[in-house]
Amino acid sequence: MKKFIYADNAATTKLSDRALDAMMPYLRDHYGNPSSIYSAGREAHRAVEDARRKIAAAIHAPAGDIYFTSCGTESDNWALKGTARRLKKEGKNHIITTVIEHHAILHAAKSLEEDGFDVTYLPVDTKGRVSAEAVREAIRPQTALVSVMYANNEIGTVQPVAEIGEICRREGILFHTDAVQAAGILPIDVKEQKIDMLSMSAHKFNGPKGTGVLYCRKGFCPDNLLDGGAQERGHRSGTENVAYIAGMAAALEEACLTMEEKAARLASLRDRIQEGILAIPGTYLNGDEENRLPGILNVSFEKIDGEALLFELDLKGIAASSGSACTSGSVDPSHVLLAAGVPYQLAHGSLRISLGRYNTEEEADQIVKGVTEAVEDLRAGRVSRNG
Ligand SMILES: *Cc1c(COP(=O)(O)O)cnc(C)c1O
């Protein structure tokens, strides 16, 4: 029986033991509603507020600026739609974002276009980088918001967030960043980087799925998406998911404590795999070698169908991705690769290996071996799918 190798950590991650331990008491015993005044409620309330402090500390924010949501997608939607709705009342009707955002941002922006908003989608260079100067040039008197992701989920390119923050702050424009891939992996300081809103999602840093955060700098909160019992200081209704919030905080705290060491380890594993895979003829690296998440490797192969490659790798017990999880299964190649100028055929033959805290050196070598064999087999027409 082959060992299962999980190399799709940009899609989701395994729950850490510490996160699970932090969740269990609230799943089993302390089931009170955090809004109730009896002691079981107060116990739950304490857990939520303790988590809020831990998460705030991780991004150098005041605890009062942290709002719990149901996922990264909700945080992104709230930041975009809530801000647009709020600032429309002041005559603002323009939003700036980029062509390489996650669909949580891109589809929210499309929906705002249907509501009459004007959206500028900034291009990227061949490494998938947005220029801060392009952000400055796109700003108009009617601009309500700039939303540029911290790090890309497909190719790992890290954006010049602090530079963009600086420009937006000077122009008096709100700046949101989707930091779902960066949180727990890269240092974040919302004060220093002049970030007004920031999205996170627990399941990308070894926390549970289905819980996230939107940070909103004091003095501004987007209009509500969910109205109801006025939880989260009246801004995000719905009974708090206490156990998951506690698990998220424990996971982020743990990730931040070991951040530097983990980043170095992931980068070294990633480089080992990169070297091995780029030795295969007709293979190209996608993304930015200089400004890249430590755990993400994206490559394209000539004369390979990405989906077929994933299938071959799965047979070898290796879980990886082609394009993003949300778009695999569709025939369209990744919008990120195409935006970075990768030719259509090569975008079709792409592979994303994304590493996490549980990957080992032995696994790295097995990934190289598995990918090399699979590419050779596919190019030679030895396809398991048919035989
Ligand atoms: C995963 C991801 C999201 C969506 O987060 P969910 O919690 O899965 O909704 C948003 N943006 C980026 C960059 C992501 O990688």
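For segment 30-137, give me every one of the strands (runs of 3 or more DSSP E) that falls completely inside it and has 2 or more residues that are over 23 Å from residue 338 (Cβ atoms) and more than 16 Å from the ligand (Cβ to nearest atom). Steps first, please.
Values: elements: 66-69, 94-98, 118-122.
Output list is empty.
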Of all residues being within 19 Å of residue 80 (Cβ to Cβ) and of a type in the set (S, T, N, Q) in segment 194-206, which is nearest to the ligand (Cβ to nearest atom)? Just the residue, please. 201
Is it the case that some residue within segment 185-195 is under 24 Å from residue 351 (Cα atoms), open to solvent by 30 Å² or more (accessible area, probe 1.4 Å), β-branched (Val, Ile, Thr) and modelled with pLDDT of 95 or more? yes
Against the conditions (1) within 15 Å of the chain's Cα centre (by Cα); (2) open to solvent by 30 Å² or more (accessible area, probe 1.4 Å), where does residue 88 fall short? Just the number, please. (1)
Considering segment 306-338 alone, what residues qualify as being assigned to a loop (DSSP other than H, G, I, E, B), open to solvent by 30 Å² or more (accessible area, probe 1.4 Å) and at pLDDT 95 or above? 316
Failed item in (1) out of contact with any helix residue (DSSP H, G or I) (no Cβ under 7 Å at 6 or more places or on another chain); (2) open to solvent by less than 30 Å² (accessible area, probe 1.4 Å); (3) modelled with pLDDT of 95 or more, with residue 341 passing the rest: (2)
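Just the residues that are under 18 Å from residue 58 (Cβ atoms) and β-branched (Val, Ile, Thr), please, taken from segment 232-255. Talk me through it step by step, then tell me what you get.
Let us first name the residues in segment 232-255 that are under 18 Å from residue 58 (Cβ atoms), namely 244-255.
Matches in segment 232-255: 245 only.
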Confirm whether residue 251 is in contact with a Ser or Thr (Cβ under 7 Å, 6 or more places away or on another chain), assigned to a helix (DSSP H, G or I) and within 24 Å of residue 353 (Cα to Cα). yes
Just checking, does segment 94-109 include any residue being out of contact with any Leu (no Cβ under 7 Å at 6 or more places or on another chain) and without any contact (Cβ under 8 Å) to a residue 40 or more places away in the chain? yes
Which numbered condition residue 215 fails, given (1) free of Cβ contacts under 8 Å to residues at least 60 places away in the same chain; (2) more than 11 Å from the ligand (Cβ to nearest atom): (1)
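Can you name every residue in segment 23-60 that is hydroxyl-bearing (Ser, Thr, Tyr) and closer than 18 Å to residue 211 by Cβ?
The initial filter retains those residues of segment 23-60 that are hydroxyl-bearing (Ser, Thr, Tyr), namely 26, 31, 35-36, 38-39.
Passing the criteria: 26, 31, 35.
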Of the numbered conditions (1) closer than 21 Å to residue 334 by Cα; (2) open to solvent by 10 Å² or more (accessible area, probe 1.4 Å); (3) of a type in the set (A, V, I, L, M, F, W, C), residue 108 satisfies every one except a single condition; which is it? (2)
Can you name the condition, by its number, that residue 209 falls short on among (1) more than 13 Å from the ligand (Cβ to nearest atom); (2) more than 16 Å from residue 147 (Cα to Cα); (3) basic (Lys, Arg); (4) surrounded by fewer than 24 Cβ atoms within 10 Å (Cβ to Cβ)? (1)
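The values are calculated or read from the model by the stated rules, or taken from the named source; none is laboratory data. No experiment lies behind these values; they were computed from the predicted model shown. Virtual Cβ from ideal backbone geometry, glycine too; neighbours counted across all protein chains shown. Protein only, heavy atoms only, side chains kept; ligands, DNA and RNA dropped before computing areas. Shrake-Rupley method; radii C 1.70, N 1.55, O 1.52, S 1.80 Å.
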